[in-house]
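*Asks:* Structure provided below as structure tokens; questions to follow.
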Amino acid sequence: MTKQFDTLHKDLEKALKLGDRKLRGPERYLQGIELIRQKIGKVRTLGARYIQNGAREVEYFREVWPAFYGKLFLYIRLYGLELRRGLMRSEEWAEAIGEGEVQVQTFFRYNRAFWQYYRSGSPAINEQFTRAYSTGRIFEPLAMVVDPEGATLASYRAACCLAMHSYGEWLRDERVLLSAGSACAADHGYSFGGTDADLAEWLFGLQAVGGILYDGQPADISRIQKWARLAVGRDVANIYDRGRVLRNRKKERFAFTKKTASALERKWNQADGKYD
């Protein structure tokens, strides 16, 4: 993704994370939809000029268009599900998650080949991301609906794939939280003994060194928050705000980290027969 679109995408991700911290339930996704639509308006304006260069057409419709619209499709789906969630009994939530998981499985069963080529970056499907290819699909009803200059059938399909992939991850997180249930650390008597500031410093430290992985990759702070909820039965409200406070501490930004290191060094020195 080129710099101008990459900047818009990073700004969008930042705004969505900020909204996630302030809102809960369907409102967070409703606000997110508005934010995404605003960015898409800017993307469309930039894109109209960008694809005038024919060589950039495939890049725009393969990389840029799906990244923004995929997020829109995801948030629309999550908004609808959260609305349903507010009207159902708690015991029905597991069934709703199961229904969503079946939808994801069915979707990728029908789109497996395209998703594999798209996700691998294979150029074999590049032609499908051209406007000429889409307008030539005379037996494809969707070709008559999508904007013939501002979208392609493949860009729409790729956006749907990205949305459903993220939706599957969201459902998996919900399944983990649901299945944890009484298995949460706090329910077994475990708790984190430090302050919220200590916990926040520790979690940011784990993120900085890649100490917590999700699907084999270093987890971002939002996923580390979920891990902490399961592992120690506690998280930090408004953790990003807490992080800014820690960074701006005048006396000591790494108080808990240094206290931990000092205590561990003292303990090991004693174990080695070294005493202060």
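*Asks:* Give the residues of region 49-66 that are more than 18 Å from K10 (Cβ to Cβ) and either touching a residue at least 60 places away in the same chain (Cβ under 8 Å) or hydrophobic (A, V, I, L, M, F, W, C) (or both), sorted by residue number.
*Replies:* Across region 49-66, the qualifying residues are I51, A55, E57, V58, F61, R62.
*Asks:* Step by step: first the residues of region 187-211, then only those that are closer than 28 Å to R253 by Cα, out of contact with any strand residue (DSSP E or B) (no Cβ under 9 Å at 6 or more places or on another chain) and loosely packed, with under 14 Cβ neighbours inside 10 Å, then the one that is modelled with the highest pLDDT. Which residue is that?
*Replies:* Restricting to residues being closer than 28 Å to R253 by Cα, out of contact with any strand residue (DSSP E or B) (no Cβ under 9 Å at 6 or more places or on another chain) and loosely packed, with under 14 Cβ neighbours inside 10 Å, the top hit is A208.
*Asks:* Here are some residues: R229, R234. Which one is assigned to a loop (DSSP other than H, G, I, E, B) and either modelled with pLDDT of 85 or more or charged (D, E, K, R) (or both)?
*Replies:* R234
*Asks:* Related question: Quick one: which residue in Y133, Y79 is over 17 Å from E59 (Cα atoms), assigned by TED's automatic domain parsing to the domain that holds Q52 and in contact (Cβ under 8 Å) with a residue 12 or more places away in the chain?
*Replies:* Among Y133, Y79, only Y79 is over 17 Å from E59 (Cα atoms), assigned by TED's automatic domain parsing to the domain that holds Q52 and in contact (Cβ under 8 Å) with a residue 12 or more places away in the chain.
*Asks:* List the residue pairs whose Cβ atoms are under 8 Å apart, where the first residue sits in region 265-276 and is modelled with pLDDT of 85 or more, the second is part of a loop (DSSP other than H, G, I, E, B), and the two are 6 or more positions apart or on different chains.
*Replies:* Listed pairs, sorted by first residue: R266/D276; N269/Y275; N269/D276.
*Asks:* Do any residues in region 92-103 that are assigned by TED's automatic domain parsing to the domain that holds L178 have Cβ atoms under 8 Å from those of residues that are not in a helix (DSSP H, G or I), where the two are at least six apart or on different chains, and which pairs are they?
*Replies:* What qualifies is A96/M88.
*Asks:* Going by the structure shown, is K17 within 20 Å of W170 (Cβ to Cβ), touching a helix residue (DSSP H, G or I) at 6+ places or on another chain (Cβ under 9 Å), of a type outside the set (A, V, I, L, M, F, W, C) and assigned by TED's automatic domain parsing to the domain that holds W170?
*Replies:* Yes: the conditions hold for K17.
*Asks:* Looking for whichever is over 32 Å from the mean Cα position of the chain (by Cα), closer than 20 Å to T195 by Cβ, assigned by TED's automatic domain parsing to the domain that holds F192 and free of Cβ contacts under 8 Å to residues at least 40 places away in the same chain here; the options are A261, A228. Which one fits?
*Replies:* Exactly one residue qualifies, and that residue is A261.
*Asks:* List pairs: first residue in region 8-31 and farther than 19 Å from F73 by Cβ, second residue assigned to a helix (DSSP H, G or I) and modelled with pLDDT of 80 or more anywhere in the structure, Cβ distance under 7 angstrom, at least six positions apart or on different chains.
*Replies:* So the pair list comes out as R21/Y240; L23/Q31; G25/E82.
*Asks:* Right, something else. So R85 fits all but one of (1) under 30 Å from E27 (Cβ atoms); (2) at pLDDT 90 or above; what number is the exception?
*Replies:* Answer for R85: the failing condition is (2).
The values are calculated or read from the model by the stated rules, or taken from the named source; none is laboratory data. The shown structure was predicted, so the numbers you read here are calculated from the model rather than taken from an experiment. Counting neighbours? That spans all protein chains shown, and the Cβs are built from the backbone with ideal geometry, glycine included.
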